[in-house]
Amino acid sequence: MKIDRLIGILSVLLQEEKTTAPKLAEKFEVSRRTINRDIEDLGKAGIPVSTMQGAGGGIRIMDGYRIDRTILTSKEMQMILAGLRSLDSVSGSSYYSRLMEKLQTGSSEFVSGRDSMLIDLSSWYKGSLAPKIEMIQEAIENRRLLDFMYYAPSGESVRTVEPYYIVFKWTSWYVWAWCGKRKDFRLFKLNRMDQVSVSDTTFVCREVPMPDLSNEKIFPGGIRVKALFDSDVKWRLVEEFGPHCFSETDDGRLLFHAEYTDMENLVAWILTFGGKAEVLEPPEVRERICHIAETMGRIYQKPVKRSRERKQ
């Protein structure tokens, strides 16, 4: 569509100091004559586009020009502001707030009180996440290697990576990077990264595949869980796994079926229900929980020993 092409041309002109009609024609797969007509239409719309013939010439937009927000619909503008505000909720700086102010200046239509969508991507770990995100952004922008200690189920290790994307998926933040140790692309969870630092060493960008963010990749499953839950914890099952993860039994309890990723996380999750959950399968999970319960029973049956405070 013509309007999509005009917006695309305007985007190119705002990002590049100068371009040419042949380049635009090739990019948008139209003739030079069509591009020339599009440039005329942009000028008629009040956008200060200038053209210069000959060596060193080309098509450019006037310095300092700022796109008029009326080119965006109200709904599109609301989506942009919601996205910026969500980034600001984890940002360690006021960059996104300042950007929102620029977009909102001179218009009462988009003031925060009338927003219909509010997104907060921050977490309990905002204090530690924000500096990491800012540091990783710096490394990505400047093409510098990133060094950190990484804690995984298999143990901790020192990693040096080439960072390419910061990823938010299912309440968690990741960095998609080429790992020097594994010689492959990996998703690293930010909450498992410690002692993060940006190296002085730069790297040349590779051909970067997009990360596989499917549930099967990040939550590969493999542990088939069957458990009974008391009916008064139904809200938790619905919240965490959806309303179709269980069926009601004759005695009113909830028969739960799901696939889980990690044995340790599964055991810890079941224990948060206390006596309101009983694992039926797999048997090794039952054994683990039974062993933990016996150990805890022995600990809590002992009288509390009060240690004497040391004299100063």
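The values are calculated or read from the model by the stated rules, or taken from the named source; none is laboratory data. None of the values given here were measured: they were computed from a predicted structure. Positions of Cβ are backbone-derived with ideal geometry, glycine not excepted, and every protein chain shown enters the neighbour counts.
A few points about this structure:
- Which listed residue is of a type outside the set (Ser, Thr, Tyr), out of contact with any Asp or Glu (no Cβ under 8 Å at 6 or more places or on another chain), modelled with pLDDT under 85 and surrounded by fewer than 14 Cβ atoms within 10 Å (Cβ to Cβ), from 306, 298: 306
Residue by residue, here is whether (1) farther than 22 Å from residue 129 by Cβ; (2) touching a Cys at 6+ places or on another chain (Cβ under 9 Å); (3) not assigned by TED's automatic domain parsing to the domain that holds residue 261 holds:
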| site | (1), (2), (3) |
| --- | --- |
| 145 | no, no, yes |
| 153 | no, no, yes |
| 161 | no, yes, yes |
| 166 | no, no, yes |
| 173 | no, no, yes |
| 201 | yes, no, yes |
| 206 | yes, no, yes |
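- For residue 124, the conditions (1) modelled with pLDDT under 90; (2) hydrophobic (A, V, I, L, M, F, W, C); (3) surrounded by 13 or more Cβ atoms within 10 Å (Cβ to Cβ) all hold with the exception of (3).
Conditions (1) in contact with an Asp or Glu (Cβ under 9 Å, 6 or more places away or on another chain); (2) in a helix (DSSP H, G or I); (3) modelled with pLDDT under 80, marked per residue:
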{"residue": "107", "(1), (2), (3)": "no, no, yes"}
{"residue": "119", "(1), (2), (3)": "no, no, yes"}
{"residue": "131", "(1), (2), (3)": "no, yes, no"}
{"residue": "148", "(1), (2), (3)": "yes, no, no"}
{"residue": "163", "(1), (2), (3)": "no, no, no"}
{"residue": "167", "(1), (2), (3)": "no, no, no"}
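- Of the residues contained in the range 9-30, none is found to be hydrophobic (A, V, I, L, M, F, W, C), touching a Pro at 6+ places or on another chain (Cβ under 9 Å) and in a helix (DSSP H, G or I).
- Per-region count, the range 34-86, residues modelled with pLDDT of 60 or more, outside any helix (DSSP H, G or I), within 19 Å of residue 11 (Cα to Cα) and out of contact with any Phe, Trp or Tyr (no Cβ under 8 Å at 6 or more places or on another chain): 13
- Residue satisfying all of: in the range 149-185; of a type in the set (Phe, Trp, Tyr) and in contact with a Lys or Arg (Cβ under 7 Å, 6 or more places away or on another chain); surrounded by the most Cβ atoms within 10 Å (Cβ to Cβ) among these: 174
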